[in-house]
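A quick write-up on the structure given underneath.
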Amino acid sequence: MASAGLQLLAFILAVSGVSGVLAATLLPNWKVNADAGSNIVTAIVQVHGLWMDCTWYSTGMFSCTLKYSVLSLPVYVQTARATMVLACILSALGICTAIVGMKCTHLGGDAHTKSHISFAGGVCFITAGISALVPTVWYTKEIISNFLDLTVPESHKYEPGGAVYIGFISAMLLLIAGIIFCISYIKKNQEPWIYPPKQKLTSTWQPKNRLAYNLKDYV
């Protein structure tokens, strides 16, 4: 029962992580630049995401521009696009696999098969977490390096946006969920590895009368 409870907790964390990774991938606020201008009327907020750039004006108006050209984007943005999409796919696959392998479901066959399936789901979650963690860390590093560069004008300096934090937290949730699923599998299969099952010795002894009877058949 304790293992089933841990799997249920890991599944809840995984669902939260999948939702966060999907939201971070689609949100446009990966980096934010607030430019106050000369007065409050011209104050604007510029946000840049993986797929579009948006500008909010103090009047309440906003406009967004899609990034159609892939080759014109920086390398870290291209990498973030690919890895975040990969994280969404792997985490969705992990959810489907974990549902089949969880002990509280009636899918996947016997307990031995379900344990292997749950382990595969954990591997998917860990891979998805790493795929989401790499772009968030790399993107944050580029923002900080650009912000600390003295040659860059103040109007071109940005700060990490909410999507970066959501992506980082979601990646950690996926990693924790994957580790829990893998640990539950290892704990279940730990005893046979340490103490291999004893082989039963088969006796070859036969009664004398039966042996004599068998020999008479050949005479």
- Query: Tell me, which residue of the stretch 109-122 that is open to solvent by 60 Å² or more (accessible area, probe 1.4 Å) and in contact (Cβ under 8 Å) with a residue 12 or more places away in the chain is farthest from Ala14 (Cα to Cα)?
  - Reply: His116
- Message: Being assigned to a loop (DSSP other than H, G, I, E, B) and among the aromatic types (Phe, Trp, Tyr) is the filter here; which residues of the stretch 134-151 pass it?
- Response: none
- Quick count over the stretch 125-152, residues being more than 30 Å from Phe11 (Cα to Cα), open to solvent by 70 Å² or more (accessible area, probe 1.4 Å) and not charged (D, E, K, R), is 5
- Task: Taking Ser3 as the residue in question, decide whether it is surrounded by fewer than 19 Cβ atoms within 10 Å (Cβ to Cβ), under 25 Å from Phe125 (Cβ atoms), among the hydroxyl-bearing types (Ser, Thr, Tyr) and at pLDDT below 90.
- Result: yes
- Query: What are the residue pairs meeting all of these: first residue in the stretch 129-154, first residue closer than 15 Å to Ala24 by Cβ, second residue hydroxyl-bearing (Ser, Thr, Tyr) and open to solvent by 60 Å² or more (accessible area, probe 1.4 Å), Cβ atoms under 9 Å, and 6 or more apart or on different chains?
  - Reply: Thr136/Tyr165
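The values are calculated or read from the model by the stated rules, or taken from the named source; none is laboratory data. Everything numeric here is computed off the predicted structure, so don't read it as measured data. Ideal geometry is used to build each Cβ from the backbone, glycine not excepted, and the neighbour counts take in all protein chains shown. The area values use the complete protein model at the heavy-atom level, side chains included, leaving out ligands, DNA and RNA. Shrake-Rupley method; radii C 1.70, N 1.55, O 1.52, S 1.80 Å.
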